[in-house]
Each structure stands twice: as C-alpha cells, then as structure tokens.
Amino acid sequence: MEYRKLGKTNLLVSELCMGTMQFGWTADEALSFKILSAAYEAGINFIDTADIYSRWAPGNPGGVAETIIGKWLKQSGIPRDKIVIATKVRGRMGDGPDDEGLGRAHILKAVDASLRRLQTDVIDLYQTHFYDEAVPIEESLAALDELVRQGKVRYLGCSNYPAWRLMQALWASDKHGWARFDSIQPHYSLVHRGEFERELAEVCRVYELGVIPYSPLAGGFLTGKYRRDHAVESARLGGVRRYFTERNWALLDKMETLGRVKGGCSVSQIALAWQLSNPVITSPIIGPRTLDQLHDNLGAAGLRLSSDEKHLLDEASTWDE
C-alpha cells in the first residue's frame, strides 16, 4: 500500500481511504468491525466518516458510524497514532436551532460530540460537509481555527465546495492568519467528471490541497454489476440510474477489456486506478459493504494506468454532465 502526504499537512495517508457511510446502514456493527480490521491489516490507515452517517436510514439517529469506529479502535488495541481519522460537520443532528450548519455554536457543539463518539481526544482531519450559505465564511473559519488552536483538531478540510467558495475560504484564512482548508472531498468518478475537473482540480493543484474523492465507483455503477439487460436489486439503485446511458455502457465494455489487458483486473479496480494515476488525487474513498467488495477494492492498491490507457478512458467517459 502506498502512502501519500495529504496536501501541505504532515499526515501520511494510504492511497485508498476507508469510507464508512455504509456502517449502521447496509453493514451492521459486527460486519463493520471485520471490514475495518481487514482494511487496516491490508495497509489502509485512513478512515473517513461524518457525524450524520447514516441518519437517513430507518432507526439510525446519526452518529452511528462514528460510534462504530470509536468502539472498533478501542477494542482493536491499535495505537491511535497509526490511524488517520477524518470526520465532518454541517448536517442536522437534532431539533434545536444550533443542531445544524456551520455557525460557531453548532461547530463547537458538534466537534465535542464527534470526539465522544470516536473515543479520541483529537480529530486528524475535520471537514465541513458542504458549505452553508446562511453563515459568513469568516464565522465558520474562525470557529474551526479555534478548534485547531485548542488541539481538538489537527487539520481542516471541506467537501462539496464549488471553486469560488473554496477560493473565498482560502483567501479569508490567509487574510486573518487562520488555519486553512488543506483538503477537499469532491464528487468525482469516470461518469461524473465535470464538477471537479472544470475548476476545482486546478485550484487544488495550484494551492496544494489534498483531494479525497467520494463515490469513485459511482454508487456501484463502476463495479460492472449493472448491465444493459440485467436488473440488479440495490439500496443505491435510485441514484445510479442516471448513469444508464449508451455511452456509459460502452465505457464499461472498454474498462472490462482494459482489465483483461492488465492481467484480470476488475472494473472497479480500473476505475480506482484511473484516479490513482492522476497526480492531483490523494486517496479515493472506497465504501465496501462486504469483505468481498473490500478485497476487490484492495486490488487497486499499486495499480496504475499508462498515459495511453488513461487517455482511452478519458475519451470514452462523460465530462460535461
């Protein structure tokens, strides 16, 4: 497993990041423990979560994924400094006026709740889940900077920010001498490229931000399990149907062919290798719901595409959604 520096931070993170949105949703606690242990044994040291995971699932109040991670880390006996924990703040976690958003009150309340659930005294990477139009960027950044100064958080990141908002945040941090965003989580995959590549990619390259793409397998579409003439039952089917186009079916065919050329690689491994072959990408987030899916994803570690192979997929895939 290769390890990479996350932007300008001193965090060395594995080339694959373990996403945990499925914990407490499509993977129960026992299975989540097995997935985390197998991932760590394979060399993954980077775990991404969020306080709201997975509040949308029946019976899940939010905070469940963080709680599972905290229990696993305590029971595993793994030294805390061997794991890089990233979590997020922004989503609604209760019914009160300060239970949502990026205002100072919610940020200060939410970080303490995440620390308790994770059973740790510091969060390595604290990320704003998506931007908050109702709160001045200066209020959010001042509160986040305070967390860094207090030692509750080591570094800051953001997720789902357009380029203009990211630049606004970087400018404000520079102006006031606050801790800045050192990473971003964009929605990015072979079938969803424009959102990141249009402007964000260049901002990340110039300002040296770590890039941790989520949904690199497009909700399962880039695993090859969906086919033109084959119906598949899936909890994520509703969000995946948008990718059911003739161009994307043809893309899957090309990825299968390339996988055979690369020695029997799966479609998902080729999709991850496409990202890992891009120097601006730090660590794609995988979200396996089973041990079999994890082992398949792990096959992408160390796998790279040649410039010609990457160009082939670039030309075959959707850019301007």
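Computed quantities for the displayed model
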{"read-out": "Residue list for the range 46-65, restricted to those being free of Cβ contacts under 8 Å to residues at least 60 places away in the same chain, hydrophobic (A, V, I, L, M, F, W, C) and closer than 21 Å to Ile123 by Cα", "value": "Ile47, Val64, Ala65"}
{"read-out": "Residue list for the range 123-171, restricted to those being closer than 23 Å to Val84 by Cα, surrounded by fewer than 23 Cβ atoms within 10 Å (Cβ to Cβ) and in contact with a Gly (Cβ under 7 Å, 6 or more places away or on another chain)", "value": "His129"}
{"read-out": "Test for Asp308: is it of a type outside the set (Ser, Thr, Tyr), modelled with pLDDT of 95 or more, surrounded by fewer than 23 Cβ atoms within 10 Å (Cβ to Cβ) and over 16 Å from the mean Cα position of the chain (by Cα)", "value": "yes"}
{"read-out": "Residue pairs meeting the criteria (Cβ under 6 Å; at least 6 apart or on separate chains; first under 14 Å from Glu197 (Cβ atoms) and touching a residue at least 40 places away in the same chain (Cβ under 8 Å), in the range 308-320; second of a type outside the set (A, V, I, L, M, F, W, C) and outside any helix (DSSP H, G or I))", "value": "Trp319/Arg193"}
{"read-out": "Residue check, Leu294 under 15 Å from Phe221 (Cβ atoms), in contact (Cβ under 8 Å) with a residue 60 or more places away in the chain and not in a loop (DSSP other than H, G, I, E, B)", "value": "no"}
{"read-out": "Search result, residues across the range 250-284 that are outside any helix (DSSP H, G or I), in contact (Cβ under 8 Å) with a residue 60 or more places away in the chain and crowded, with 19+ Cβ neighbours inside 10 Å", "value": "Ile281, Thr282, Ser283, Pro284"}
{"read-out": "Residue that is nearest to Pro79 (Cα to Cα), among those in the range 103-122 that are of a type in the set (A, V, I, L, M, F, W, C) and crowded, with 18+ Cβ neighbours inside 10 Å", "value": "Leu118"}
{"read-out": "Filter result for Glu208 (among the charged types (D, E, K, R), surrounded by fewer than 16 Cβ atoms within 10 Å (Cβ to Cβ) and on the phi < 0 side of the Ramachandran plot)", "value": "no"}
{"read-out": "Residue that is surrounded by the fewest Cβ atoms within 10 Å (Cβ to Cβ) [pool: residues in the range 1-51 that are among the charged types (D, E, K, R) and in a strand (DSSP E or B)]", "value": "Lys5"}
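The values are calculated or read from the model by the stated rules, or taken from the named source; none is laboratory data. All values derive from a computational prediction rather than experimental measurement. Here Cβ is always computed from backbone atoms with ideal geometry, including for glycine, and neighbour counts include all displayed protein chains.
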